Amino acid sequence: MHQEVIEAQGHLIDSHVMEQIFDTVVEYNGRFEVQEFRIGRTNAEPSYLRLRVETERTSEMEQLLTQLLGFGCTPVDTGDAELAPVERDCCAPEDFYSTTNHRTLIRRAGQWIEAENQRMDAMIVVSGGRAACRRLRDLRRGDEVVVGMRGIRVMPESKERDRLAFAFMSNGISSERQLETAVRQTATLLEQTRAEGKRIVVVAGPVVVHTGGAQSLAEMIRAGWVDALLAGNALGVHDIEAALLGTSLGIRQSDGRQEEHGHRNHMRAINAIYHAGNIAKAVASGRLTSGVMYECVRARVPFVLAGSLRDDGPLPDTITDMNQAQDAYAEQLKGAGLVLCLGSMLHSIAVGNMSPSWVKLVCVDINPAVATKVSDRGTGQAIGVVTDVGQFLGLLAAQLRRAAAETLAR
């Protein structure tokens, strides 16, 4: 039998991590023996688990350790992390360690150092006593990359005991959750994030405009509740179409009826921005006087519009190089504490993959499959609210407005 002694520390019971560790050992044809377990005696004190695991084959042990690493388990006699050089640009060594979105440390010269720029599906490059997550396309010849599974410690986010921690959403994704409760708790999360000095990032799809939520989102931007807006070309186009022509996809927002020749209105909106030069110049010239993009320019809230193959135009502000767009998204996610994903599966999944696990994501969509897909692709901290995006934004803006009025009245 092949044996390893592993240890884990954290809120193991209330985060259900311990049962997952035991289940994983059994799933990989292993056996375990608990050598030591200390339960945290207070809200703040973590629990500690020391476990001996056995498997019949070396390959099974390697697979088991790989899985347990994601739960924060580390071999006691781990030694230092092993490094291997990159021999060609964009080509990692065969046995490279692929990161999760959880906080990760590696051991060098007997000391644990935290990897910077944490994100999933990256490599860890070590240089000058520092470690950082780096994408495959950013590797350069001569980089030293962590390989194997030794000398690595992953620290999953624990269920928080002393803070609001999505208690209103603890049962996962459901359309039967009371919307007003979800809105109130989301507003509280926004307030907490701002109080902590962290950034609030909104990821939005064109459905924000189609469902009548643009005015509410614009109000939130105006009130300082948005620090960055990440979207595709379509959000910008239809927001500007609504602001200039009163339609969304050619449908009049005033009465929901088809505008005559309205099918070309989105192209008229794009054309107007090209005549102005870009969105900011359209605002400066007085051509664009309302809407989400207008409020972003006025409030100096950075926005990134990422293009796609199907885009019309696109707008002059839209980034059509996908690598550049991804870099721009990642830049705006730095320092984020909360991300609101509003009706955009593609961009929500992308942002989830870029975000470390301590950044909370609230994913709002009428389709429960969207929130499920975001979570299934590794973004375990994403919580779904299944509802109409426009209705959610209207209630959220109103809740924030009431809270601000109550604060002023005190």
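Add +1 for every Lys or Arg and -1 for every Asp or Glu among the other residues with Cβ under 14 Å from the Cβ of Arg264, and state the total.
On the way: positive: Arg268; negative: Glu241, Glu259, Glu260, Asp312.
Net charge around Arg264: -3.
Across the range 281-410, what fraction of all alpha-carbon pairs, as a whole percent, falls in each successive 10 Å bin from zero upward?
P(r) for the range 281-410, in whole percents per bin: 11, 31, 40, 16, 3, 0.
Which of the listed residues, Ala398, Ser59, Asn367, is farthest toward the dipole's positive end in the chain, when Lys, Arg count +1 and Asp, Glu count -1 at the beta-carbon?
Ranked along the dipole, the leading option is Ala398.
Choose one of Ala8, Gly128, His263: the residue whose Cα lies farthest towards the positive end of the charge dipole of the chain (beta-carbon charges +1 Lys, Arg; -1 Asp, Glu; about the Cα centre).
Toward the positive end, the furthest listed residue is His263.
Quickly work out the Ser308-to-Leu346 label distance, labels modelled 7 Å from Cα along the C-beta direction, and quote it in nm with one decimal.
In this crude spin-label approximation the distance works out to 0.3 nm.
Quick one: Cα convex hull volume of the range 1-77, Å³ per residue?
Details: hull volume 5.8 nm³, N = 77.
Roughly 75 Å³ of hull volume per residue.
Keeping to pairs on different chains or 8 or more places apart, tell me how many lysine pairs in the chain have Cα atoms under 23 Å apart.
Values: Lys159/Lys198; Lys159/Lys334; Lys159/Lys360; Lys159/Lys373; Lys198/Lys334; Lys198/Lys360; Lys334/Lys360; Lys360/Lys373.
Count of close lysine pairs: 8.
Which are the unpartnered cysteines of the chain, meaning those with no other cysteine Cβ under 4.7 Å from their Cβ?
Cys73, Cys90, Cys91, Cys133, Cys296
Out of every Cα pair in the chain, what percent are spaced more than 32 Å from each other? It would help to have the intermediate numbers written out before the result.
On the way: 36906 of 83845 pairs.
Summing the P(r) of the chain above 32 Å gives 44 percent of all pairs.
Using the Cα centre as the reference, give the magnitude of the dipole from point charges on the C-beta atoms of the range 270-387 (Lys, Arg: +1; Asp, Glu: -1; all else neutral), rounded to the nearest 20 debye.
Working: 9 positive and 9 negative charges, 54 e Å.
Here the range 270-387 has a charge dipole of around 260 debye.
Quick one: among Gln326, Gln381, Gln258, which has the greatest mean-square fluctuation in a GNM of the chain with alpha-carbon springs under 10 angstrom?
Maximum among the listed residues: Gln258.
Just want the ordering: Leu68, Leu408, Leu244, from fewest to most Cβ atoms lying within 10 Å of their own Cβ. Walk me through the numbers before you get to the answer.
Working: Leu68 25, Leu408 7, Leu244 19.
The most exposed by this proxy come first: Leu408, Leu244, Leu68.
Would you order His238, His275 from fewest to most other beta-carbon atoms within 10 Å of each residue's own beta-carbon? Intermediate results must be reported in sequence, preceding the final value.
Details: His238 25, His275 11.
The order, fewest Cβ neighbours first, is His275, His238.
Build a GNM of the chain with springs between Cα atoms under 10 Å: which of Ala369, Ala195, Ala306 gets the top mean-square fluctuation?
It is Ala195.
Using a Förster distance of 45 angstrom, determine the FRET efficiency expected from the C-beta separation of Ala398 and Phe32, and round it to 0.05.
Values: r = 52 Å, r/R0 = 1.15.
The value I calculate is 0.30.
What value, in deg cm²/dmol to 500, does the helix sum -39500 (n - 2.57) over DSSP H runs of n ≥ 4 give at 222 nm once divided by the residues of the chain? Display every interim value, and only then the final one.
Values: 13 runs with 144 residues, N = 410.
Result for the chain, helices only: -10500 deg cm²/dmol.
Give the calculated FRET efficiency between Asp95 and Ala284 to the nearest 0.05, with a Förster radius of 56 Å applied to their Cβ-Cβ distance. Can you show the working numbers first?
Details: r = 54 Å, r/R0 = 0.97.
The computed FRET efficiency comes out at 0.55.
Which whole-number percentage describes the relative contact order of the chain, with Cα contacts under 8 Å and a sequence gap of 6 or more? Before the final figure, lay out the partial values.
Numbers: 831 pairs, mean separation 60.2, N = 410.
Reported relative contact order: 15 percent.
Report the GluC sites (Glu not before Pro) located in the range 222-309 that are in a DSSP loop and have at most 15 other Cβ atoms inside 10 Å of their Cβ, or state none.
Numbers: sites: Glu241, Glu259, Glu260, Glu295; in loops: Glu259, Glu260.
Here the GluC sites (Glu not before Pro) that fit, given the DSSP loop and packing criteria, are Glu260.
Under a point spin-label approximation (7 Å from Cα along Cα-to-Cβ), what is the Gln111-Ile366 distance to one decimal in nm?
Result: 5.6 nm between the two label points.
Counting alpha carbon pairs within less than 8 Å and at least 6 residues apart, what relative contact order, in whole percent, applies to the range 167-409? Don't skip to the answer; put the middle values down first.
Values: 443 pairs, mean separation 65.5, N = 243.
With pairs under 8 Å counted, the relative contact order is 27 percent.
Along the three principal axes, how long is the range 303-380 when you take its alpha carbons, biggest first, rounded to the nearest angstrom?
Result for the range 303-380: principal-axis Cα extents of 34, 29, 17 Å.
What's the FRET efficiency of Tyr48 with Asp327 using the Cβ-Cβ distance as r and R₀ = 25 Å, to the nearest 0.05?
Numbers: r = 40 Å, r/R0 = 1.60.
Taking R0 as 25 Å, the efficiency between Tyr48 and Asp327 is 0.05.
Where the eigenvalues come from the Cα gyration tensor of the range 1-156, what are the semi-axes √(5λ) of the equivalent ellipsoid, largest first, in whole Å?
On the way: eigenvalues 163, 66, 33 Å².
Semi-axes from the Cα gyration tensor: 29, 18, 13 Å.
What distance in nm separates the simple spin-label points at Arg300 and His275, each placed 7 Å from Cα in the Cβ direction?
3.0 nm
May I have the extent of the alpha carbons of the range 203-362 along their three principal axes, as whole Å values ordered from largest to smallest?
48, 30, 29
For the range 167-409, what is the charge dipole size about the Cα centre, in debye to the nearest 20, if Lys and Arg each add +1 at the Cβ and Asp and Glu each add -1 at the Cβ?
Numbers: 21 positive and 22 negative charges, 70 e Å.
Dipole of the range 167-409, to the nearest 20 debye: 340 debye.
What is the magnitude of the charge dipole of the chain about its Cα centre, with +1 placed on the Cβ of each Lys and Arg, -1 on the Cβ of each Asp and Glu, and no other charges, expressed in debye to the nearest 20?
Working: 44 positive and 51 negative charges, 281 e Å.
In debye, rounded to 20, the chain gives about 1360.
Evaluated at 10 °C with a viscosity of 1.306 mPa s, what Stokes-Einstein diffusion coefficient in µm²/s does the range 78-157 have when Rh comes from the Kirkwood expression over alpha-carbon pairs?
Details: Rh = 12.2 Å.
D, rounded to a whole number, is 130 µm²/s.
Only the coordinates and a few stated rules stand behind these numbers; no lab work does. Bear in mind the structure is a predicted one, so any value in this text is a computation, not a measurement. Glycine also receives a Cβ, built like all others from the backbone with ideal geometry; neighbour counts cover every protein chain displayed.
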